[in-house]
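Written out below as structure tokens is the structure these notes cover.
Read-outs throughout are calculated quantities, based only on the coordinates presented, and are distinct from any laboratory measurement. For clarity, every value in this text was computed on a predicted model and none was experimentally measured. Virtual Cβ from ideal backbone geometry, glycine too; neighbours counted across all protein chains shown.
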Amino acid sequence: MATESITTKCAIAGGGPAGIMLGYLLARAGVDVVVLEKHEDFFRDFRGDTIHPSTLQVMHELGVLDEFLTRPHQEVKTLGSEIGGEMVRIADFTHLPTVCKFIAFMPQWHFLDFLALKAKQYPGFHLRMQAEVDELIKDGDRVAGLKAASPQGDLEVHADLVVGTDGRHSTVRNLAGLEVENRGAPMDVLWLRLSKRPEDGSESLGHIEPGRFFITIDRGDYWQCAFVIPKGGFNELRRKGLEAFRLAIVALQPSLSNRVREIVSWDDVKLLTVRVDRLKRWYRPGLLCIGDAAHAMSPIGGVGINLAIQDAVAAANILAGPLREGKVTEDDLRKVEKRRQLPTELTQGLQIFLQNRVISNVLTMNKRPKPPFMVKMFNRFPVLRRLPARLIGMGFRPEHVKTQEAPAQAAKPQSS
């Protein structure tokens with residue numbers, strides 16, 4: 001099969017939240033962009049499904065929020081946890097200075113499908129599925145494009161800028177030789193689903209007992225469940241057997257005793273190997289990494305998808321003009337990193353603190369825990385719940401859409 005060669009302003013490797021949002025914003029601003037996604041569709045379970053108020057605010061600024069919220073989702077206005085049998089309220093999103101004062105839980109394929117649908121309205125947006133990036137095109141020290149394999153044959157995309165948004169195991173950052181700093185994580189997470197019944201109620205909760213941390217998230221007709229285990233502990237859990245695992249869930253949440261047999265085999269349990277890392281430098285000439293490719297986040301707070309969206313908004317705000325003019329410099333890429341580096345470091349610092357001071361203690365304790373003094377204060381003084389709500393719901397330095405919709409869209413990429 002012959003190699004297909006196309007030329008564009010920006011080539012994005014990875015069709016996740018950061019990649020599709022960046023492609024959408026750039027095409028909307030009149031920049032020709034090609035997004036390459038290695039899978040044939042967006043349908044992958046237990047990916048980041050948490051759409052925070054900061055991301056919903058971006059959708060509002062794009063004028064698509066009302067339509068977006070017609071997609072299947074659940075709205076969560078408060079977060080709580082059951083610690084040693086005692087219920088505590090931790091976060092209240094109803095006072096945030098945003099249009100949406102809640103977290104929306106939406107399957108990621110709905111989110112990505114919606115963004116792609118909106119992006120395709122612009123002739124400058126080109127999404128290529130089943131295109132797996134395997135090589136960078138170089139012009140001296142500068143990255144000048146990328147190569148990908150697809151069922152139709154090899155593909156070459158020549159671009160003024162390559163953006164890696166291909167996740168925590170990024171091929172692009174490895175090919176570019178960007179150095180990763182691993183910050184460590186003491187736990188992994190097992191994801192599973194159990195059916196939901198009317199008598200369950202609808203509150204998403206954490207359940208903490210000695211050596212165990214279990215989270216249930218309301219997904220309408222089922223519970224999305226997270227079972228937190230010590231780092232590398234999945235094989236030991238499997239050795240003890242599936243019935244022991246079911247009983248461990250029941251010990252944490254007895255109301256699920258009549259449903260744990262829905263876990264028929266270990267195939268119903270998905271392992272998330274938790275890692276927290278970030279690039280020491282996010283760019284090199286002609287190339288930039290954002291989202292998980294630049295900084296893998298812990299699942300604490302479910303903020304990963306929202307950090308990725310914020311990166312995409314900031315990158316579009318800074319790079320749309322230079323890309324239209326064909327004059328993207330290292331200084332432009334440095335501005336993106338500088339803009340997003342502090343929010344990343346602060347968020348990861350908070351996650352690492354909670355991992356080391358809370359999660360690690362829970363996973364190693366032998367006696368029944370009690371809510372810490374500060375957490376008890378959230379129950380006594382509800383106004384205090386606004387602080388964790390702001391940190392979770394908006395994060396550090398939330399971004400706003402500054403790019404304008406271009407009156408005339410860019411032409412389609414030229415084949416050669």
(request) Pick out, from 143, 122, 164, the residue whose Cα sits farthest towards the positive end of the charge dipole of the range 85-186, with +1 on the Cβ of Lys and Arg and -1 on the Cβ of Asp and Glu. (result) 122
(request) Would you mind estimating how fast the range 1-105 diffuses translationally, via Stokes-Einstein at 20 °C and 1.002 mPa s with the Kirkwood radius over Cα pairs, in µm²/s? (result) 128 µm²/s
(message) Helix-only estimate, please: 222 nm mean residue ellipticity of the chain, summing -39500 (n - 2.57) across DSSP H runs of length 4 or more and dividing by its residues, to the nearest 500.
(response) -9500 deg cm²/dmol
(request) Specify the longest stretch of the chain that does not include any exposed loop site, a site being one of the trypsin sites (Lys or Arg not before Pro) with a non-H, G, I, E, B DSSP assignment and at most 10 other Cβ atoms within 10 Å. (result) 1-279
(message) Between residue 250 and residue 86, what's the calculated FRET efficiency when r is the beta-carbon distance and R0 is 22 Å? Round to 0.05.
(response) 0.70
(message) Suppose the chain between residue 132 and residue 367 were pulled fully straight at 0.36 nm per residue; how much longer would it get relative to their current alpha carbon spacing?
(response) 79.7 nm
(request) Would you mind working out the magnitude of the charge dipole of the range 283-381 relative to its Cα centre, with +1 at each Lys and Arg C-beta and -1 at each Asp and Glu C-beta, to the nearest 20 Debye? (result) 720 debye
(request) Take every Cα pair under 8 Å in the range 1-85 that's 6+ residues apart, average their separations, divide by the length, and report that relative contact order as a whole percent. (result) 21 percent
(message) Can you tally the net charge around residue 261? Count Lys and Arg as +1, Asp and Glu as -1, for every other residue whose Cβ sits under 14 Å from the Cβ of residue 261.
(response) 0
(message) Placing +1 on the Cβ of each Lys and Arg and -1 on the Cβ of each Asp and Glu in the chain, which of 283, 383, 16 has its Cα farthest towards the positive end of the resulting dipole?
(response) 383
(request) Please give, to one decimal in nm, the separation of the simple spin-label points placed at residue 221 and residue 239, each 7 Å out from Cα toward the Cβ. (result) 4.0 nm
(message) Just to verify a number: FRET efficiency for residue 400 and residue 40, C-beta to C-beta distance, R0 = 30 Å, to 0.05?
(response) 0.30
(request) State, as an integer percentage, the relative contact order of the chain based on alpha-carbon contacts under 8 Å between residues 6 or more apart. (result) 27 percent
(request) Using only the alpha carbons, work out the radius of gyration and Dmax of the chain in angstrom. (result) 22.0, 69
(message) Please list the three semi-axes, largest first and in whole Å, of the ellipsoid equivalent to the range 115-203, using sqrt of 5 times the eigenvalues of its alpha carbon gyration tensor.
(response) 36, 23, 13
(message) Which one, 155, 36, 22, has the greatest fluctuation when you compute a Gaussian network model over the chain with C-alpha springs under 10 angstrom?
(response) 155
(message) Can you tally the net charge around residue 343? Count Lys and Arg as +1, Asp and Glu as -1, for every other residue whose Cβ sits under 12 Å from the Cβ of residue 343.
(response) +1
